[in-house]
Amino acid sequence: MARRSTKTPPPDDAYEEKILDIDVVDEMQGSFLEYAYSVIYSRALPDARDGLKPVQRRIVYQMNEMGLRPDRGFVKCARVVGEVMGKLHPHGDASIYDAMVRMAQPFSMRVPLVDGHGNFGSLGNDDPPAAMRYTEARMATATSLMTESIDEDTVDFTPNYDGQEHEPVALPAAYPNLLVNGSSGIAVGMATNMPPHNLGEVVAAARHLIKHPGADLDTLMKYIPGPDLPTGGRIVGLSGIRDAYESGRGTFKIRATATVENVTPRRKGLVVTELPFTVGPEKVISKIKDLVGNKKLQGIADVKDLTDRNHGLRLVIEIKNGFVPEAVLEQLYKLTPMEESFGINNVALVDGQPLTLGLKELLEVYLDHRFDVVRRRSEFRRGKKRDRLHLVEGLLVALLDIDEVIRLIRSSENSAQAKERLMEHFSLSEIQTQYILDTPLRRLTKYDRIELESERDKLKAEIEELTRILESDTELRKLVSSELASVAKKFGTDRRTVLLESSGAPATAVPLEVADDPCRVLLSSTGLLARTATGEVAFDTEAKRVKHDVIVSAVPATQRGEVGAVLSSGRLLRLNVIDLPQLPETAAAPNLSGGAPVAEFLSLEAGEELVCLMTLDESSPGLALGTEQGVVKRVVPDYPSHKDELEVITLRDGDRIVGAVELRTGEEDLVFITDDAQLLRYQASQVRPQGRPAGGMAGVKLAQGAKVISFSAVDPAADAMVFTVAGSRGTLDDSVQTTAKITPFDQYPRKGRATGGVRCQRFLKGEDCLSFGWAGPVPALAAQRNGSPAELPEVDPRRDGSGVSLAKPVAAVASPV
């Protein structure tokens, strides 16, 4: 059975509805104004005095109250966020932590206000910060300047949201934080977006304005020529900056800092070391990949982010061969975030009102605030020192007649009577008298009296100095200026952002792709490949020799053409000229120090070597080649374009090509040099051209155990020479060469094909073979195995004479191209 309720029912009018008729328009207007007021004054806009939004100011103030100074240890960010949220900022912890993170990011603020320990995010927020339970923080070194002397009545305080705490309406701010660190925020009906500036430049302008209050904008811009962004970069076009400094609104463009470098032996690339403000590498990479995928951007081979903590930002953009890196860079500026616009909107709170301020107005508002801070600080300090002086003077009066003081105290009934008698007898104030009564007897020595007199004199001098500052506007300005100079000296840094009047681009657009201009492809004695910028190669016989200057093969080509590479195995490979590194134009003999190894461009099998380069011109007399076993062959010029690999000879087992040359006229003399010091010379017309698969014909008759060490083609009408080096079969290393000689080419008569030739060097004791041989036009250059220059001996007219000793071993000889 249910129990009946014994409660008394409420009266009938308890549930009577109370309805107020309010116009919806009025309600919307009122509510919107309250919301707008809250956003403008309590969230989004910075104060022009200290340059901080309310949440930032509360974070800095609370960290100062918590004692989180730069010389103290780190604490968890969650603890700071909790203190700020519980005492000062009645909003969510996420907004507080987000503001705190930004204040700790060196790429967001020019002078960070928080010293963070842990993951506080990355540029462009590509890597978001860790949760506040993981990160730690304390005040940065420069942040102490923001709260310096805040306990000396320098700024006004206001109750917090519940009236239980107090917070400053603005921080003392020993430097112009708003200009130095900038600000951004979106309020209702207005927004602010201010770029950071260089601390030293801002302080210099402020000091100039202190000394010359009537200074114009042009004068101030001599000290502050433009923003100085934390991420560096290049600001292009300065007219928008001047507009912003004059009216508070303007626009400028920020470009990434990029250089053209050889990122691989085969390719050039763009190395980006600085990106526009607030732009991260992931954003750039993503945009580039989208553009390349949509075929809106050409010439990009690969993009790599090699950023690390040791080297900072390093974004490598590889450029395809055949494209001009500078032209690709201009496309990247145009199509990607590597060039961004920054709209300046200097909106800040001045006396509680949002105003748009120019450069001079921003400096004036800050300086007025700083003058007020220093004036109030001086008044506070003067008051403290006057109070102390009052006590010291009273104690000195007592010490002058200490016996009478003791007598009066001992003869008094109680402390109140003693206090009254002392005040009456010595004409002391109540505060002085109480201080005398509270002073222990040990402070009444002769030494303490000397100390008190010294303190009195010091206090009087300090009070006089503070009074002089307070009574003189000039002295106040000097003090503020000197304090600013000390801040700039301690915390000033070099400018990071480069200011450019224009982009510096040439008047005529640079073509995106490399033009198919004439050039020459070069092969050095050390196996380096390169191409020249033009079809001509200058050579100065008087120029100083350098490493890798012996060019053993050179052929004319075009920048986007192909050349052939003849290998010792009998293979002919096609080589794209554009893939080769380009040498800088020079008036001296070209050297291939800037070239790249053959293995970077050709897939060589074990034991294969690159013998020579050729033009693949089917109108030429063809290719002549000689093998180690004495075979000679002239190849019919037939090089199908659809094949990247061809055979130019079918070799016998164990045989290989020792020399090859592309004939120019077909009237050249073919020259064999064997290791038993025999030289055979005959006309190329004696060799019938054959198809590529043919195995050639007998070129030189070899003695038992002999082999060919050199094959070449020489123009009989040109001035030529023969260079040979003798050695021992037991030690065929060129580092142990014994003797060498040079003989004029015309000393060797022509013989028939497939004969044994004539002797080209007489062996001395310990010599039984030739380790090196070469025949070609003069003059000629020689190099060691590592490419370093070597000297050739004097010419010996004797065809079969013996050689002379070499200062350095010779591994290669070639005529200048």
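Before moving on, here are some points about what is shown:
- Among residues that are at pLDDT 95 or above, of a type outside the set (Val, Ile, Thr) and within 20 Å of Asn181 (Cα to Cα), Pro225 is not included.
- Listed by position, the strands (runs of 3 or more DSSP E) enclosed by the stretch 744-817 that each have at least 3 residues that are over 50 Å from the mean Cα position of the chain (by Cα) and at pLDDT 90 or above are 769-777.
- Identity of the residue in the stretch 14-36, surrounded by 10 or more Cβ atoms within 10 Å (Cβ to Cβ) and hydroxyl-bearing (Ser, Thr, Tyr), that ends up modelled with the lowest pLDDT: Tyr35
- A count restricted to the stretch 48-94 and to residues that are farther than 19 Å from Met109 by Cβ, in a helix (DSSP H, G or I) and not aliphatic (A, V, I, L, M) stands at 7.
Quick grid of which residues meet (1) over 16 Å from the mean Cα position of the chain (by Cα); (2) part of a loop (DSSP other than H, G, I, E, B); (3) under 23 Å from Met194 (Cα atoms):
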{"site": "Arg266", "(1), (2), (3)": "yes, yes, no"}
{"site": "Phe277", "(1), (2), (3)": "no, yes, yes"}
{"site": "Glu318", "(1), (2), (3)": "yes, no, no"}
{"site": "Glu330", "(1), (2), (3)": "yes, no, no"}
{"site": "Glu340", "(1), (2), (3)": "yes, no, yes"}
{"site": "Glu361", "(1), (2), (3)": "yes, no, yes"}
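- Within the stretch 208-242, being assigned to a helix (DSSP H, G or I), closer than 23 Å to Ala256 by Cα and of a type in the set (D, E, K, R) holds for one residue alone: Arg242.
- All told, Ser429 falls short of being among the small types (Gly, Ala, Ser) and without any contact (Cβ under 8 Å) to a residue 12 or more places away in the chain.
- Flag for Ser685 being touching a Gly at 6+ places or on another chain (Cβ under 8 Å), without any contact (Cβ under 8 Å) to a residue 24 or more places away in the chain and not in a loop (DSSP other than H, G, I, E, B): yes
- Against the conditions (1) crowded, with 23+ Cβ neighbours inside 10 Å; (2) closer than 23 Å to Val813 by Cβ, Val648 satisfies every one except (2).
- Flag if Val80 is within 21 Å of Gly185 (Cα to Cα), crowded, with 22+ Cβ neighbours inside 10 Å and of a type outside the set (S, T, N, Q): no
- Residues that are among the polar types (S, T, N, Q), in contact (Cβ under 8 Å) with a residue 60 or more places away in the chain, out of contact with any helix residue (DSSP H, G or I) (no Cβ under 8 Å at 6 or more places or on another chain) and within 25 Å of Val365 (Cα to Cα) occur in the stretch 247-264; there is at least one.
- Residue within the stretch 241-248 that is buried (at least 19 other Cβ atoms within 10 Å of the Cβ), farther than 25 Å from Leu179 by Cα and not assigned by TED's automatic domain parsing to the domain that holds Gly121 present: no
- Summed over the stretch 151-161, residues that are in contact (Cβ under 8 Å) with a residue 40 or more places away in the chain and of a type in the set (D, E, K, R) total 2.
- Val631 being within 23 Å of Trp774 (Cα to Cα), β-branched (Val, Ile, Thr) and either in contact with a strand residue (DSSP E or B) (Cβ under 6 Å, 6 or more places away or on another chain) or not assigned by TED's automatic domain parsing to the domain that holds Ser771 (or both): no
- Being in contact (Cβ under 8 Å) with a residue 40 or more places away in the chain, under 20 Å from Ala173 (Cα atoms) and small (Gly, Ala, Ser) is true of Ser108.
- Failed item in (1) of a type in the set (Lys, Arg); (2) in contact (Cβ under 8 Å) with a residue 40 or more places away in the chain; (3) surrounded by fewer than 19 Cβ atoms within 10 Å (Cβ to Cβ), with Arg370 passing the rest: (3)
- Arg571 vs. criteria of a type in the set (D, E, K, R), crowded, with 21+ Cβ neighbours inside 10 Å and in the same structural domain as Ile551 (by TED's automatic domain parsing): no
- Among the residues of the stretch 438-447, just one is at pLDDT 75 or above and either assigned to a helix (DSSP H, G or I) or among the aromatic types (Phe, Trp, Tyr) (or both), namely Asp438.
Conditions (1) among the hydrophobic types (A, V, I, L, M, F, W, C); (2) over 30 Å from Ser486 (Cα atoms), marked per residue:
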position	(1), (2)
Met221	yes, no
Ile224	yes, no
Pro227	no, no
Val236	yes, yes
Tyr245	no, no
Thr251	no, yes
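- Pairs linking a residue in the stretch 656-673 that is at pLDDT below 90 to a residue that is in a loop (DSSP other than H, G, I, E, B), with Cβ atoms under 6 Å and 6 or more positions apart or on different chains, are Gly666/Pro621.
- Filtering the stretch 738-778 to residues that are over 16 Å from Gly803 (Cβ atoms), of a type in the set (A, V, I, L, M, F, W, C) and either surrounded by 21 or more Cβ atoms within 10 Å (Cβ to Cβ) or not assigned by TED's automatic domain parsing to the domain that holds Leu625 (or both) leaves only Phe745.
- Restricting Ala205, Ala170, Ala142 to residues that are within 22 Å of Arg49 (Cα to Cα), assigned to a loop (DSSP other than H, G, I, E, B) and touching a residue at least 24 places away in the same chain (Cβ under 8 Å) narrows the list to Ala170.
- Cβ pairs under 6 Å, 6+ apart, first in the stretch 446-469 and closer than 12 Å to Arg382 by Cβ, second loosely packed, with under 13 Cβ neighbours inside 10 Å and modelled with pLDDT of 95 or more: none
- Candidates are the residues of the stretch 518-547 that are crowded, with 23+ Cβ neighbours inside 10 Å and in a loop (DSSP other than H, G, I, E, B); the one that is modelled with the lowest pLDDT is Thr532.
- Which listed residue, of Ala684, Ala718, is over 54 Å from the mean Cα position of the chain (by Cα) and buried (at least 16 other Cβ atoms within 10 Å of the Cβ): Ala684
- Residue in the stretch 403-422 that is within 60 Å of the chain's Cα centre (by Cα) and modelled with pLDDT of 85 or more present: no
- Taking the numbered list (1) part of a loop (DSSP other than H, G, I, E, B); (2) touching an Asp or Glu at 6+ places or on another chain (Cβ under 9 Å); (3) crowded, with 18+ Cβ neighbours inside 10 Å in turn, Gln298 passes all entries but (3).
- Condition broken by Thr259, with the remaining ones in (1) buried (at least 16 other Cβ atoms within 10 Å of the Cβ); (2) closer than 30 Å to Glu600 by Cβ; (3) of a type in the set (Ser, Thr, Tyr) satisfied: (1)
The values are calculated or read from the model by the stated rules, or taken from the named source; none is laboratory data. If you're wondering where the values come from, they're calculated on a predicted model, not measured in any experiment. Every residue, glycine as well, gets a Cβ built from its backbone with ideal geometry; the counts of neighbours run over all protein chains shown.
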